[in-house]
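Some notes on the structure that comes next.
The values are calculated or read from the model by the stated rules, or taken from the named source; none is laboratory data. Since the model is a prediction, treat every value here as computed from it, not as a measurement. As a convention, Cβ positions derive from the backbone with ideal geometry for all residues, glycine included, and neighbour counts pool all protein chains shown.
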Amino acid sequence: MMPLVTNRPVRGITTYLPTTTDAFAFVAVTDQETAKTEETLTFSRATLTAITYALWIAITEEVDEDSLISLGALIRTMTTEAWAAKFDSLCLENATYGVIGTSGVNELVMGAGNTGFGNITVTDLDGMIAKLTTRAKRRGARFFFHPTVWDEVVTLTDANGRYIVRERVSEAAPLMVRGYPVSITDGLPGLSDSAISTSFAVFGNPSYIVHGARTGFEFRIFDQMESTMKYDQIVLRARIRSAFVLWAATAWVKLTTAAA
């Protein structure tokens with residue numbers, strides 16, 4: 001998810017990002033005496049608020065000394081993987097910043113009786129695309145699914161019995177549905193989270209998700225504490241300050257299970 005979104009530095013705890021959904025249009029000038037058409041722009045603003053995300057773990061010097069591997073390196077790798085998963089969740093399913101939780105996102109509710117994630121159909125996927133009604137909104141769009149939901153999608157066929165997921169000519173080729181690329185992520189609800197009236201898949205251009213970096217990923221080792229002297233304790237801490245916002249909600253659509 002990280003390379004897909006718009007990443008930008010933020011200089012303070014709160015940053016305002018000007019946004020607009022307006023578009024310009026060129027008008028032919030028929031002769032030299034014809035006045036040119038004036039364009040206007042209406043701006044709104046999206047707010048990036050930096051939040052601190054952190055975790056820490058304590059180990060003893062003896063545990064580190066007796067380990068056959070570098071525990072510090074292992075823990076650092078695990079924390080970076082944990083942040084990658086958290087990043088996806090904040091972008092997609094978070095109730096405050098994610099696509100699913102943002103006001104103004106288009107919603108497609110599955111048909112009556114389709115109350116579980118496993119009831120997803122080709123019609124639902126086509127309906128998600130149709131919700132984005134202009135070429136500009138569809139430009140750069142892609143589907144996002146949890147791996148277990150994707151397992152359901154790959155079995156779907158159209159009216160002629162053909163699988164809608166394009167077979168990849170190589171492992172490097174992107175997954176495609178109806179000509180749009182697909183991203184598989186743990187940042188969305190999985191099949192085990194299935195429930196009525198629950199959003200679980202999204203479609204849109206990830207560049208409309210803005211990540212504001214207040215500080216970079218920081219991994220520190222604290223080994224000069226009082227507890228180090230008394231108990232041989234070492235503390236390892238990972239910390240980052242980031243802000244998230246979806247600034248073009250109408251260019252996204254979420255798929256939601258039926259209420260009954």
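Quick notes
- The listed residue being surrounded by fewer than 21 Cβ atoms within 10 Å (Cβ to Cβ), in contact with a strand residue (DSSP E or B) (Cβ under 6 Å, 6 or more places away or on another chain), touching a residue at least 40 places away in the same chain (Cβ under 8 Å) and not in a strand (DSSP E or B), out of S183, S197, S207: S207
- Filter result (surrounded by fewer than 22 Cβ atoms within 10 Å (Cβ to Cβ) and more than 27 Å from T115 (Cβ to Cβ)) within region 251-260: none
- Region 82-96, residues that are part of a loop (DSSP other than H, G, I, E, B) and in contact (Cβ under 8 Å) with a residue 60 or more places away in the chain: E93, N94
- Checking each residue of region 218-229 against the condition of being loosely packed, with under 15 Cβ neighbours inside 10 Å, aromatic (F, W, Y) and over 17 Å from A84 (Cα atoms) gives at least one match.
- Flag if L68 is more than 21 Å from S242 (Cβ to Cβ) and of a type outside the set (D, E): yes
- Where a residue in region 1-14 is within 19 Å of G98 (Cα to Cα) and its partner, wherever it lies, is exposed (fewer than 13 other Cβ atoms within 10 Å of the Cβ), with Cβ under 9 Å and at least six apart: T14/T47
- Checking region 59-81 against the condition returns a match, with at least one residue being within 26 Å of V202 (Cβ to Cβ), modelled with pLDDT of 95 or more and either acidic (D, E) or not in a loop (DSSP other than H, G, I, E, B) (or both).
- Complete set of residues in region 101-151 that are of a type in the set (D, E), closer than 22 Å to S192 by Cα and surrounded by fewer than 18 Cβ atoms within 10 Å (Cβ to Cβ): E107, D151
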